[in-house]
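The values are calculated or read from the model by the stated rules, or taken from the named source; none is laboratory data. Fair warning: this is a prediction, and the values are worked out from it, not measured in the lab. Positions of Cβ are generated from backbone atoms using ideal geometry, with glycine treated the same way; all protein chains shown enter the neighbour counts.
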Amino acid sequence: MPIAAAIAGAAVLGAGVSISASNKAAKTAKNTAATNNALQQGVYNDNKAMLAPFVNQGSLVTPTINGLLGLGDSAAAAKAFDTFKASTGYASRLQEGQAGVNAALGASSLRDSGAGVKAAAKFNQNFASNEFGTYLSALEGQQALGLSAAGQQVALGQNYANAVSANNTNASNVRANAYLANGAAINGALGSIVGAYGFSQGALGSSYGNSNALGAAVRTSANSSLNRIGGGY
C-alpha cells in the first residue's frame with residue numbers, strides 16, 4: 001500500500017510543481033505586457049505632444065492659402081498678407097526701389113516719357129508679384145511642415161499599435177501555453193494515479209490480501225494532492 005500511495009502522491013506533486021511554474025510564467029508575461037504597454041503609451045503621448053504645434057501650424061495656414069487663391073475667405077487672407085508686408089518693411093522697400101527706378105529714368109531723360117511710366121509700372125507689378133510669391137511660399141512651407149508632422153504622428157500611432165499588439169499577443173501565447181501545460185500535467189498525474197491504483201488492485205492486492213483498503217488509500221492520497229494543486233489556479 002505505501003508504494004502505490006507514494007507513486008500517486010509523487011505524480012500529483014510533480015503535476016503541482018509544473019502547474020505552479022506555468023501559472024507564474026503566465027502571470028509574469030501578463031504583468032510584463034502591461035508594463036511595456038504603459039511605457040509605449042507614455043512615449044507615444046510625449047511624441048504626439050511635441051509634434052502637435054507643427055501639425056496645428058500647418059492646419060492654421062491652410063485657410064489663408066485657400067483665401068489667397070480665391071478658394072476661401074479672401075478678405076481674411078488679404079488682411080493676413082498686409083500684416084506680413086508690414087512686418088517685412090514692404091512699403092519702405094518699394095519706395096526705395098521706385099526711387100532707384102526714377103533716378104535711372106531721370107538720368108536717361110525718360111522719367112516723364114511713356115516708356116518711363118511703363119518701366120515704373122512694371123517695377124511696381126514685379127515687386128508686388130515677388131512679395132506675394134515669397135509670402136505664399138512661406139505659407140506653403142508651414143503647411144508642408146504641418147503635413148510632415150502629421151505623417152510622423154500617424155507613423156507613431158501605427159508603431160504604438162504594433163508594439164501593444166505584439167505585447168498582448170506574446171502574453172496571450174504564454175498564458176495559452178500555460179493552460180496547455182497545466183492540462184498535460186493534470187492528465188499525466190491522473191494517468192499515474194490510475195496506474196498506481198491498478199498496481200494496488202493487482203500485485204500489491206494479492207500480496208497483502210486487502211486490495212480494497214489499498215485502493216482507497218491511493219485514492220485518498222491522490223485526492224488530497226489534487227486538492228492542493230487546485231488551490232494554485
### Task
Mind listing just one residue for me: the one in region 94-127 that is surrounded by 14 or more Cβ atoms within 10 Å (Cβ to Cβ), at pLDDT below 80 and not small (Gly, Ala, Ser) and, of those, nearest to the chain's Cα centre (by Cα)?
98
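Is one or more of the residues making up region 155-170 of a type in the set (A, V, I, L, M) and farther than 30 Å from residue 27 by Cβ?
Looking for residues that are of a type in the set (A, V, I, L, M) and farther than 30 Å from residue 27 by Cβ, one finds at least one in region 155-170, hence yes.
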### Task
List every residue pair whose Cβ atoms sit under 6 Å apart, with the two residues 6 or more apart in sequence or on different chains, where the first one lies in region 142-165 and is touching a residue at least 60 places away in the same chain (Cβ under 8 Å) and surrounded by 14 or more Cβ atoms within 10 Å (Cβ to Cβ) and the second, anywhere, is assigned to a helix (DSSP H, G or I) and aromatic (Phe, Trp, Tyr).
145/54; 146/54; 149/54; 156/44; 160/44
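Do we have residue 30 as within 28 Å of the chain's Cα centre (by Cα) and closer than 17 Å to residue 166 by Cβ here? Show your work before the answer.
On the way: within 28 Å of the chain's Cα centre (by Cα): yes; closer than 17 Å to residue 166 by Cβ: yes.
Yes.
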#### Entry: region 49-70 - residue that is crowded, with 16+ Cβ neighbours inside 10 Å and either at pLDDT below 85 or of a type outside the set (S, T, N, Q) (or both) and, of those, nearest to the chain's Cα centre (by Cα)
51
### Query
Got a number for residues in region 57-75 being closer than 17 Å to residue 138 by Cβ and assigned to a helix (DSSP H, G or I)?
12
